Structure formats: C-alpha cells, structure tokens
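S.K.: First the structure, then my questions, so here it is.
The values are calculated or read from the model by the stated rules, or taken from the named source; none is laboratory data. Quantities reported herein were computed from a predicted structural model and do not represent experimental measurements. Heads up, the Cβs are rebuilt from the backbone with ideal geometry, glycines too, and the neighbour counts pull from every protein chain shown.
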C-alpha cells in the first residue's frame, strides 16, 4: 500500500487537537476504541504506551493484542463545539506496526515528549510505540485552526 501524507490544512488541524481516538479490531473484527495522545511525522502517526495504570500486570494492552492479530487501524482526530459551524474531523486509516526499539522508536518518543509535557517525566524508552502508516485520509467540516 502507498503511504499518504496529510495535506497542510489537515496537518494544521490535526496538530491543533490534543487527543484523538484509536480504533483497532481483533482477528474476529471485534472493535476496540481508546482515546490517545499522538504525534504525526510525515506519513506516520505515532502513539506510545505510557506508564498510566490501565492494564493487568504481564498482560499486553488490548490495542496491542489487536494490532498483533489485525494491523488495520483507524484514528479520528476531531473537534466538537456547541457551535456546530466549528465541527470538524480528520480520519486516517492505516497499517499499524508495534515498535519495540530502534531509531524510529526513539524519534517517536522524542516527538511525543515534545508535544506532551506530561511524557517528559515518564520513563518511556522501554515501552512500545504504535506506528500507524497512513494509507487513507478523509476529512469533514470546518478544519480551520482559527475556527
């Protein structure tokens, strides 16, 4: 599959939103959606596993188990407002890969720490990163950053 890069307007909107939602599905197609902190670099969206309590010790997160079984994922970055003229979203679909280490893993962790100050005090180096290789982009609504 050919990877895609976000258009400048899409990228500005995505970068302005603090959270998104990651949808995964297991081998049987059972969906699982979680809110995420994220970082986009060129044609890849990155998500780290962090130290916040959210799982049973020794058992991988459901999102990681799902990606191991079915790497097709979807991420939606949206803005809700009571003024519906401001509503907008960018959705990306892609193939997810779990990075356990290496240069790309380190660069993703650095990008996430630069975007989210909370990550700067967490020891993330040994934790996996989800790399979503963007292959489809859809958008809707008002994507103006100044809306």
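S.K.: Restricting to the range 65-78, name every residue that is in a helix (DSSP H, G or I) and more than 17 Å from residue 44 (Cα to Cα).
M.R.: Within the range 65-78, 65, 66, 68, 69 qualify.
S.K.: Name the single residue that is farthest from the chain's Cα centre (by Cα) among those in the range 107-147 being more than 24 Å from residue 12 (Cα to Cα) and surrounded by 12 or more Cβ atoms within 10 Å (Cβ to Cβ).
M.R.: Result: 122.
S.K.: Follow-up. Which of the residues belonging to the range 30-58 are in a loop (DSSP other than H, G, I, E, B), more than 16 Å from residue 108 (Cβ to Cβ) and modelled with pLDDT of 95 or more?
M.R.: 30
S.K.: Please determine whether any residue of the range 77-98 is modelled with pLDDT of 95 or more, more than 24 Å from residue 12 (Cα to Cα) and within 13 Å of the chain's Cα centre (by Cα).
M.R.: There is at least one residue in the range 77-98 that is modelled with pLDDT of 95 or more, more than 24 Å from residue 12 (Cα to Cα) and within 13 Å of the chain's Cα centre (by Cα).
S.K.: Same structure, new question: Out of 61, 45, which single residue is surrounded by 14 or more Cβ atoms within 10 Å (Cβ to Cβ) and farther than 19 Å from residue 113 by Cα?
M.R.: Just a single option satisfies the conditions, and that option is 61.
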